[in-house]
Amino acid sequence: MTLSATSLSAEALPTVSLTTLKSALLNLICQVAYKEGDFTLSSGQHSDYYINGKQVTLHPQGGLMVGRLMLARLPQETVGVGGLTLGADPLVTAVSIAGAYSHRPITPLIVRKAAKEHGTQANIEGPSLPPNSPVVVLEDVVTTGQSAMQAVERLRAAGYSVTGILALVDRQQGGAQHYAQAGLPFEALFTVADLRARWQALHR
Ligand SMILES: O=P(O)(O)OC[C@H]1O[C@H](OP(=O)(O)OP(=O)(O)O)[C@H](O)[C@@H]1O
Ligand SMILES: O=C(O)c1cc(=O)[nH]c(=O)[nH]1
């Protein structure tokens, strides 16, 4: 089995083409994030597989890979990326850092699951942006789509214009339909079908 995610040299990561990066990222997801077994999902549903996105977004090379690829998918007018803690935390950070290296300032916003009860009592962490600023919601894995929707609602309540949702992996279990009904553009870098096809190719 050849898994080429880590065969990209540290020197190549910041500049290698997005096509090469995307293929290497798919290998990395198969290598470190995709697991078969008996899992309970955040929605309460059961599944015979699980994709632990944090193994990728917190991987020493994965963060930059995801950051560059997501940055390239953001509409040009985007000034911020936000997402529900915890899965989105490394995503919004990675995209913001990739943006800074590309001279494209993107403000990262972390949406808490519950407002902090002391100190600032904030439910969104990160610098405030002007009202109606265009913000894209990031998510690591979309199943029903409910988690990213919570981030959409909180960011809208704070006055931002959420222009869409961008995920690392779409499990193809209703999230896309949920967002379509809400009139929200949705894209994922990969579907679970992409993962399974690559997994099979890698294990042939
Ligand atoms: O599309 P959904 O049905 O909402 O499921 C997907 C959500 O589940 C996971 O988060 P989890 O609830 O495990 O929380 P965590 O990120 O805090 O670990 C994942 O990071 C997504 O946010
Ligand atoms: O639905 C979920 O909770 C879920 C599924 C999955 O594969 N990965 C994840 O982080 N969450």
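Details
- Among the residues of region 41-58, those identified as open to solvent by less than 40 Å² (accessible area, probe 1.4 Å) and either among the hydrophobic types (A, V, I, L, M, F, W, C) or more than 23 Å from Q172 (Cα to Cα) (or both) are L41, I51, V56.
- Within region 91-112, if we keep just the residues that are under 18 Å from S147 (Cα atoms) and open to solvent by less than 20 Å² (accessible area, probe 1.4 Å), the residue that is farthest from ligand 1 (Cβ to nearest atom) turns out to be L109.
- Residue count for region 129-147, restricted to those that are near ligand 1 (Cβ under 8 Å from one of its atoms), under 13 Å from the mean Cα position of the chain (by Cα) and either closer than 12 Å to D170 by Cα or not in a helix (DSSP H, G or I) (or both): 6
- Criterion (assigned to a loop (DSSP other than H, G, I, E, B) and over 23 Å from L64 (Cβ atoms)) met by exactly one of R196, R204: R204
- Candidates in region 164-204 are the residues that are under 13 Å from A33 (Cβ atoms) and aromatic (F, W, Y); of these, the one that is modelled with the lowest pLDDT is W199.
- Contact annotation: no residue pair with Cβ atoms under 7 Å, 6 or more positions apart or on different chains, pairs a residue in region 135-155 that is free of Cβ contacts under 8 Å to residues at least 12 places away in the same chain with a partner that is open to solvent by less than 10 Å² (accessible area, probe 1.4 Å) and within 11 Å of ligand 2 (Cβ to nearest atom).
- Qualifying residue in region 44-66 (condition: farther than 24 Å from A148 by Cβ and either in a helix (DSSP H, G or I) or within 13 Å of ligand 1 (Cβ to nearest atom) (or both)): no
- Any hit, region 176-193, residues being within 14 Å of ligand 2 (Cβ to nearest atom) and open to solvent by 70 Å² or more (accessible area, probe 1.4 Å): no
- Taking region 148-173 as the range and being open to solvent by 30 Å² or more (accessible area, probe 1.4 Å), part of a loop (DSSP other than H, G, I, E, B) and more than 10 Å from ligand 2 (Cβ to nearest atom) as the test, the residues that pass are A158, Q172.
The values are calculated or read from the model by the stated rules, or taken from the named source; none is laboratory data. Note that this is a predicted model, so its numbers are computed, not measured. Virtual Cβ from ideal backbone geometry, glycine too; neighbours counted across all protein chains shown. Just so you know, the surface numbers come from the protein's heavy atoms only, side chains and all, with ligands and any DNA or RNA stripped out. Shrake-Rupley method; radii C 1.70, N 1.55, O 1.52, S 1.80 Å.
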